[in-house]
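Enquirer: To start, I am sharing the structure in question, which I have written as structure tokens.
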Amino acid sequence: MSENRLRTRRELTVREGDMSTDLTETVAAQRDRYCEENGFTGAHIDRYNQIILRAGLVDAIQMPAVLGDRVRVELSRQLLTTPIIENRLTGALTVLTQAASAEDTRSIFLFSKLYRVQAIRTPKGALIMLPGPADKMRVWLDSPVSTLRPPFEKAVAITLDSANSLPRVVN
């Protein structure tokens, strides 16, 4: 990961009032705030003291950073606000969205194997790990702003368009 990209991510996550920087807040208090302020209804704390949300009212698309960075730029270009989580261990980005349609039966994998990268959608009931106050693995690149999230279909379309700008694998 380049120095410039690290600096940009650091600047995005260390903003005043950013949820990822308040280390004095308890996990329970942060979970309560997520539920009240961001509509993460049903978020709970697991036995490892991690904040978990079941996909359903909120869905997510997880992707490698090379694709996620392009998706993030396009979301910004379209003035779409949405929470984005970075997994520091894997570098994967998770884009949170409004719920997918109940009739949505597409595969968990959004692209064919011809693509160099893959994006994975959350099936209903899947676990979405939210950053906690002392979480060393997950951080908000873009913190939640009230309940603003793009429709699932819009986020999928942006992800697919962004993936089309990447080179494809040739067999």
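Enquirer: Percent of alpha carbon pairs in region 21-88 separated by more than 18 Å?
Expert: Details: 1164 of 2278 pairs.
In whole percent, the share of Cα-Cα pairs in region 21-88 beyond 18 Å is 51.
Enquirer: By how many nm would the segment from GLU36 to ALA157 grow when fully extended, if each residue of separation counts as 0.36 nm and the alpha-carbon distance is taken off? Display every interim value, and only then the final one.
Expert: Working: separation 121, 0.36 × 121 = 43.56 nm, distance 2.91 nm.
Full extension of this stretch gives 40.6 nm more.
Enquirer: Let me ask something additional. If we sort 52-65, 72-85, 35-48 on the protection proxy, mean other Cβ atoms within 10 Å, highest first, what's the order? Intermediate results must be reported in sequence, preceding the final value.
Expert: Details: 52-65: 20.6, 72-85: 16.5, 35-48: 13.9.
Top to bottom by mean Cβ count within 10 Å: 52-65, 72-85, 35-48.
Enquirer: Next question, about the same structure. ASN49's amide H: which non-local residues (gap 5+, or another chain) put their own amide H closer than 5 Å, with H modeled 1.01 Å from N in plane and none for Pro or chain starts?
Expert: Under 5 Å from the amide H of ASN49 lies no amide H from a residue far enough along the sequence or on another chain.
Enquirer: Label-point separation (nm) for GLU103 and THR147, each offset 7 Å from Cα along Cα-to-Cβ?
Expert: According to this spin-label approximation, the distance is 2.4 nm.
Enquirer: Hey, another quick one. With no solvent and one point per C-alpha, what does the Debye sum give as log10 I(q)/I(0) for region 65-168 at q = 0.11, 0.16 Å⁻¹?
Expert: -0.33, -0.72
All of the numbers you see were taken from the coordinates with simple rules; none came from a lab. From a predicted model like this one, the values you see are computed outputs, not experimental measurements. Ideal geometry is used to build each Cβ from the backbone, glycine not excepted, and the neighbour counts take in all protein chains shown.
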